[in-house]
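Colleague: Can you keep this structure in mind? I'll have questions shortly.
The numbers here are math on the coordinates, done by the rules we state, and not lab data. Values in this document were obtained by computation on a predicted structure and should not be read as measured data. Don't worry about glycine lacking a Cβ; one is built from the backbone with ideal geometry, like all the others, and counts go over all protein chains shown.
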């Protein structure tokens with residue numbers, strides 16, 4: 001039954017992921033591709049849309065996958081699955097927070113989790129870049145460089161650098177998303 005499978009899969013993702021939405025992307029990608037719910041290309045498009053829409057990226061991704069596989073009920077169940085573990089963990093931590101942080105073991109645990117989360121986010125970013133820019137998603141793939149994507153990426157980096165130097169602050173994510181959407185429409189329609 002697809003509804004139970006969606007709920008349990010996203011419950012597992014929510015329960016065993018650390019680092020918030022970005023830390024969940026690699027696990028969501030693995031599970032979604034394993035189940036055959038989306039292709040690699042659809043997954044990359046979904047990540048872009050989930051990042052561009054308001055709300056936490058993991059919730060947006062769960063909702064999108066659930067909707068694509070089970071309609072409205074699938075979207076609700078996948079979203080519930082991904083948020084319930086965090087909800088209950090936060091309830092427990094909120095009740096115990098005053099006494100929780102004084103233990104060295106808790107501090108050591110959180111200190112050990114940070115590098116893992118950074119590694120997961122970095123691995124996901126590298127995988128997405130390789131898949132998008134050079135068409136590499138696995139051993140044996142033929143490489144197909146996407147020059148438009150590389151040019152857009154370079155322009156966005158240049159805009160970021162110029163804004164930091166000229167205005168002493170980074171451009172807002174919303175502005176960068178709008179610029180990249182405009183560049184994408186321009187570059188890919190030519």
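Colleague: Rounding to the nearest 10 and keeping the result within 0 to 90°, find how far the Cα-based axis of helix 104-133 lies from the longest principal axis of the chain.
Modeller: So the inclination is approximately 30 degrees.
Colleague: To the nearest 10 degrees, how steeply does helix 147-167 sit against the main Cα axis of the chain, on a 0 to 90 scale?
Modeller: So the helix axis and the longest Cα principal axis differ by about 80 degrees.
Colleague: Something else now. Which whole-angstrom value gives the distance between the alpha carbon centres of the range 96-148 and the range 1-63?
Modeller: The range 96-148 and the range 1-63 have Cα centres separated by 14 Å.
Colleague: The range 147-189: Rg/Rh from Cα coordinates, Kirkwood Rh?
Modeller: Over the Cα atoms of the range 147-189, Rg/Rh equals 1.01.
Colleague: Measure nothing but the geometry: give the 0 to 90° angle between the long axis through the Cα atoms of 173-189 and the longest principal axis through the Cα atoms of the chain, rounded to 10°.
Modeller: Taking the Cα atoms of the chain, the angle to 173-189 is about 40 degrees.
Colleague: For residue 177 and residue 134, what is the calculated FRET efficiency with R₀ set at 25 Å and r taken between the beta-carbons, to the nearest 0.05?
Modeller: 0.60
Colleague: With N set to the residue count of the chain, report its C-alpha Rg divided by 2.2 N^0.38 Å to two decimal places.
Modeller: Taking N as the residue count of the chain, the ratio is 1.18.
Colleague: Between residue 86 and residue 150, take the C-beta separation as r, use R0 = 35 Å, and let me know the FRET efficiency to the nearest 0.05.
Modeller: Computed FRET efficiency for residue 86 and residue 150: 0.45.
Colleague: Averaging sequence separations of C-alpha pairs under 8 Å and six or more residues apart, then dividing by the length of the range 2-98, give the relative contact order as a whole percent.
Modeller: The normalised contact order for the range 2-98 reaches 39 percent.
Colleague: Is the C-alpha gyration tensor of the range 86-158 telling us rounded, prolate or oblate? Criteria: a/c under 1.5 is rounded; beyond that, a/b larger than b/c is prolate, otherwise oblate.
Modeller: In terms of gyration-tensor shape, prolate.
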